[in-house]
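So the structure is just underneath, and the comments pick up after that.
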Amino acid sequence: MTDIRELVSEMADEVEKCVNCGFCESVCPTLPASGFRSIMGARGRVDLGKAFVNEFAANGRNTLKIADSFYSCLDCFACLQVCPAGVNAGKVSEIGREIVTAHARTDANPEKPVAGMIVAATMKFLNPLGVRKKCTSWSKGLEFDRDSSTILYTGNMYQLMAYSIPLGKMERRLGEKATNFMSGIIAHHPAAIRLTSALVDRKMRRQMDIFLRNIYTLLRASGAGFNYLGEEEPYPGTFIHDLGYRSNFMEYGRMVIDIFRKHGVKTIITVDPHTYDILNVQYRKYFSDFDFEVAHYMDYLGKVKFSKTSETITVHEPCHFVLRPGSYSGPTDLASSVARVTYPERSGRRTMCCGGPDELLFGKLSGNISGERFAQLKATGAERIITACPICFTNLNKDSTVADISQLLVERLQAETAPVP
Ligand code: SF4
Ligand code: SF4
């Protein structure tokens, strides 16, 4: 466990740069979505960080209510793009969550039972809902190169969406009290999490299986050879890290690395922005022996021939791609090479998060954010809305015009290779 003084000092380094201009409030999605409660916006989080640092310096402890403000931050880093002082309220929140999780479990900041449940189940099953086996359904009948040191790594991310939607709905139906009670029980008996898998959204599961098979088809068209770990494939541990459970994450990440080593993996082809980001940034930061090459499947598609279309599309650029240092523009580059792109009001370095990261802990807030983002995308008048992340797809999937980029690309690949009549 990290020493609390170290965390407080990290937080102080970040918040002390703030000149209180408020620019970050203009782009923080959680501020309007919460009805403009300042504590639920970027500047409010930085101010809370300052108050926390001051209180800790004066009393050596914390009595402030900090959990909801820091847990509801989406980690989108939109605030960092506009801050003249280079403050990252997302980083402040990340440190804040770790402080709450490891050091501040008081009446003012109780642990979020849903978070405890997810972490306990992930540690036990290497999958947040204990459904690793079910996450292989997309690969039925497909062939893989069993001796290859390159793997197609889904991280179970697309597949989990079919389970997380009904879980979120159930939470809202049960209400906070009953959900917390149930989550508390499951946190102590993680095997019970498997009961929730009965709530699967079958239509979404079929949809996600199609997207993963699309990705397989695209990679094959590129000529790449790759293996797939099937039932042994672990979830990357993103929730554990993002919820601030650093000591669990250190233990979990070691298990993931051991699985990669056991299978002789050298190159990891990821399929979503969260996995790409956590492996490239957090695993490299915390595990000095994490020496795998990490790519995204779109890196392999440069030489694949796609037929162009006159269809107009708009692209929802994932914050975990474009708002991170070393911004990755693969989806936008590919989409604009095959179709006519019309950009939404917020795009590029000002893209807006879909609200997905708040879905399980702050469902209403998440719904308000996705509603706002969907309206921005619809306002472009494009025929289709293209996403490049399973969480974004799920949160923005409000009508039949929303599609994963793998769908668009496979259509253009098939149009290119179809025999001329
Ligand atoms: S934009 Fe930066 S300097 Fe301005 S209030 Fe926000 S964190 Fe502070
Ligand atoms: S990271 Fe995103 S949600 Fe968090 S404070 Fe910054 S803009 Fe707001």
(message) On the basis of being within 20 Å of the chain's Cα centre (by Cα), near ligand 2 (Cβ under 9 Å from one of its atoms) and modelled with pLDDT of 95 or more, does C24 make the cut?
(response) no
(request) Kindly establish whether V19 is surrounded by fewer than 14 Cβ atoms within 10 Å (Cβ to Cβ), among the aliphatic types (A, V, I, L, M) and out of contact with any Leu (no Cβ under 7 Å at 6 or more places or on another chain). (result) yes
(message) Between R105, R97, R172, R132, which is at pLDDT below 95 and open to solvent by less than 20 Å² (accessible area, probe 1.4 Å)?
(response) R97
(request) Using the structure shown, decide if L409 is open to solvent by 30 Å² or more (accessible area, probe 1.4 Å) and touching a Phe, Trp or Tyr at 6+ places or on another chain (Cβ under 7 Å). (result) no
(message) Of the residues M40, M117, only one is farther than 24 Å from C319 by Cα, in contact with a Ser or Thr (Cβ under 6 Å, 6 or more places away or on another chain) and not assigned by TED's automatic domain parsing to the domain that holds M352; which?
(response) M117
(message) For region 210-220, give me each residue that is open to solvent by 30 Å² or more (accessible area, probe 1.4 Å) and farther than 21 Å from S149 by Cβ.
(response) I210, R213, T217
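Yes/no matrix, rows are residues, columns are (1) assigned to a loop (DSSP other than H, G, I, E, B); (2) touching a residue at least 24 places away in the same chain (Cβ under 8 Å); (3) within 11 Å of ligand 1 (Cβ to nearest atom):
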position: L74; (1), (2), (3): yes, yes, no
position: L80; (1), (2), (3): no, yes, yes
position: V87; (1), (2), (3): yes, yes, yes
position: I99; (1), (2), (3): no, yes, no
position: P110; (1), (2), (3): yes, yes, no
(request) Determine whether G60 is modelled with pLDDT under 95, over 17 Å from G244 (Cβ atoms), not acidic (D, E) and not assigned by TED's automatic domain parsing to the domain that holds R246. (result) yes
(message) With the requirement that a residue be assigned to a loop (DSSP other than H, G, I, E, B), within 14 Å of ligand 1 (Cβ to nearest atom) and either under 21 Å from I99 (Cβ atoms) or open to solvent by 10 Å² or more (accessible area, probe 1.4 Å) (or both), what does region 22-53 give you?
(response) G22, C28, G41
(request) Have a look at Y286, Y276, Y328, Y300 and point out the one that is crowded, with 22+ Cβ neighbours inside 10 Å, hydroxyl-bearing (S, T, Y) and in contact (Cβ under 8 Å) with a residue 12 or more places away in the chain. (result) Y276
(request) Take region 3-16 and flag every residue that is exposed (fewer than 15 other Cβ atoms within 10 Å of the Cβ) and in contact (Cβ under 8 Å) with a residue 12 or more places away in the chain. (result) E16
(message) With the structure loaded, tell me whether N62 is open to solvent by less than 10 Å² (accessible area, probe 1.4 Å), in a loop (DSSP other than H, G, I, E, B) and away from ligand 2 (no atom under 15 Å from the Cβ) or whether it fails that test.
(response) no
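The values are calculated or read from the model by the stated rules, or taken from the named source; none is laboratory data. Model, not experiment: these values are computed from the prediction. In this analysis, Cβ positions are derived from the backbone assuming ideal geometry, glycine residues included, and neighbour counts consider all displayed protein chains. Side chains included, ligands, DNA and RNA excluded: accessible areas come from the protein's heavy atoms. Shrake-Rupley method; radii C 1.70, N 1.55, O 1.52, S 1.80 Å.
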